[in-house]
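Okay, so here's the structure we're looking at.
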Amino acid sequence: MSNLTIRLHPDEKAQLKAWAAARGTSTTDYIKTLVAADMAAGSPQKRAAAWFRENEVAIADEAEQIKSSGVPGAHLALNHPGTDAKI
């Protein structure tokens, strides 16, 4: 066995740890599971379907949050002056 070092921004690392904890596993085991599933899935379509199955609940939760509260930061983009606007 060999070691693999993945450098992440502290926020990304915290998010990865949270995803792993939500699935009741360690970060290392979560990454191993993701890699093994990706390698076993085969074609790009099968890998995409496997990814969707893995994340379906989280995607549904995000969709519900957006449905109830809107897209975070959308008010900034919608109220931003156009490129030709005089400020």
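The numbers here are math on the coordinates, done by the rules we state, and not lab data. Small disclaimer: the values here were computed from a predicted structure and weren't measured. Here the Cβ positions follow ideal geometry from the backbone for every residue, glycine too, while neighbour counts run over all protein chains shown.
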* To do: State yes or no: is Ala58 surrounded by 11 or more Cβ atoms within 10 Å (Cβ to Cβ), among the small types (Gly, Ala, Ser) and under 15 Å from the mean Cα position of the chain (by Cα)?
  => yes
* Search segment 61-87 for residues being of a type in the set (D, E, K, R) and surrounded by 10 or more Cβ atoms within 10 Å (Cβ to Cβ), and hand back the single one that is farthest from Arg23 (Cα to Cα). => Glu64
